[in-house]
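The values are calculated or read from the model by the stated rules, or taken from the named source; none is laboratory data. Fair warning: this is a prediction, and the values are worked out from it, not measured in the lab. No Cβ is skipped: glycine too gets one built from the backbone with ideal geometry, and neighbour counts run over all protein chains shown. Only protein heavy atoms, including side chains, enter the accessible area calculation; ligands, DNA and RNA are left aside. Shrake-Rupley method; radii C 1.70, N 1.55, O 1.52, S 1.80 Å.
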Amino acid sequence: IQLFHRAITLDSLCALSYAALGEAYWRKFSGTKDIQWTDSAFKACRHAQSLDTSVAEVRFTLGLLYHGVGKDSLAILEYQSILAGDSLNAAAYMELGEAYGLARQPQQAEAAYRQAIRLRPFDWQTYHYLGRAYANNKEYTKAIEIWHEAARQSPNQPLVQNGLGAAFFYLDAWTDAIEHFNRALEIDSSRYQAYSNLATAYYYDGMYEQATKVYQKAIRFTPTSYQV
């Protein structure tokens, strides 16, 4: 945020800087859940639009904002507008899929994710987005298949391993779930959610001593979490 403000100071007519500032504010809100950051994000994006209505990055950031505050129909329009001028924008297809998912249009969401995969077949994130969508729809077998492909593209992504663990967990495949949650922690040991997930898998598998130890590690990250 500080650096984008500096960029704006150097060139107050650069729409891209305002759009990027808007996204930075949005990421800040995502991490803090402080509503003031959404107001700042929308303000920056609106200013970017006033400078240049043709910049796709402005519409992209607006799409993120609309999606984040639950205005899925507006987010869809922003991403469709981007794709009307740039049909090779895989990121826009990925976020369009997210917006369709929020709008409870799973078939349209899957089509958007599949198009992103066609455009970026070697990008783990395109598979990850689709895998997460399948999991959200409780299609865990499909999610596992897609996440395995994501893991082949990038085996050291903790989000993918955690996703695989979650899908196996909901299929009551405790051993496989434990394996993937442990793998996620081997890659990145700073994620409390992975500890919580692993502990829960141990619990359901009847491994209570291991579950207790891992829950204690999770508590160190989030001492106020009633759930842990």
Next item on the list: Answer yes if at least one residue in region 183-192 is open to solvent by 90 Å² or more (accessible area, probe 1.4 Å) and in a loop (DSSP other than H, G, I, E, B), and no otherwise.
Entry: yes
Check: In region 124-167, which residues are open to solvent by less than 30 Å² (accessible area, probe 1.4 Å) and part of a loop (DSSP other than H, G, I, E, B)?
Finding: S154
Notebook entry, point to check: How many residues are open to solvent by 70 Å² or more (accessible area, probe 1.4 Å) and either in a helix (DSSP H, G or I) or of a type in the set (F, W, Y) (or both) when one looks only at region 109-123?
Noted result: 3
Next item on the list: For region 91-108, name all the residues that are more than 15 Å from the chain's Cα centre (by Cα) and either part of a helix (DSSP H, G or I) or at positive phi (or both).
Entry: R104, P106, Q107, Q108
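Residue-by-condition table, conditions (1) under 29 Å from A91 (Cβ atoms); (2) in contact with a strand residue (DSSP E or B) (Cβ under 8 Å, 6 or more places away or on another chain); (3) of a type outside the set (V, I, T):
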| residue | (1), (2), (3) |
| --- | --- |
| D123 | yes, no, yes |
| P155 | yes, no, yes |
| N162 | yes, no, yes |
| Y170 | yes, no, yes |
| A173 | no, no, yes |
| I178 | no, no, no |
| F181 | yes, no, yes |
| A194 | yes, no, yes |
| Y204 | no, no, yes |
Next item on the list: Scan region 154-210 for residues that are within 18 Å of A143 (Cβ to Cβ) and among the charged types (D, E, K, R) and jot them down.
Entry: D172, D176, E179, R183
Checklist line | Cβ-Cβ under 7 Å pairs, at least 6 apart or on other chains, region 10-30 side open to solvent by less than 20 Å² (accessible area, probe 1.4 Å), far side of a type in the set (D, E, K, R) | finding: A15/D52; S17/D11; A19/E57
Check: Does any residue of region 38-56 turn out to be closer than 22 Å to G85 by Cα and of a type in the set (K, R)?
Finding: yes
Check: Considering Y215, Y203, which residue is assigned to a helix (DSSP H, G or I), open to solvent by 50 Å² or more (accessible area, probe 1.4 Å), of a type in the set (F, W, Y) and more than 23 Å from I144 (Cβ to Cβ)?
Finding: Y215
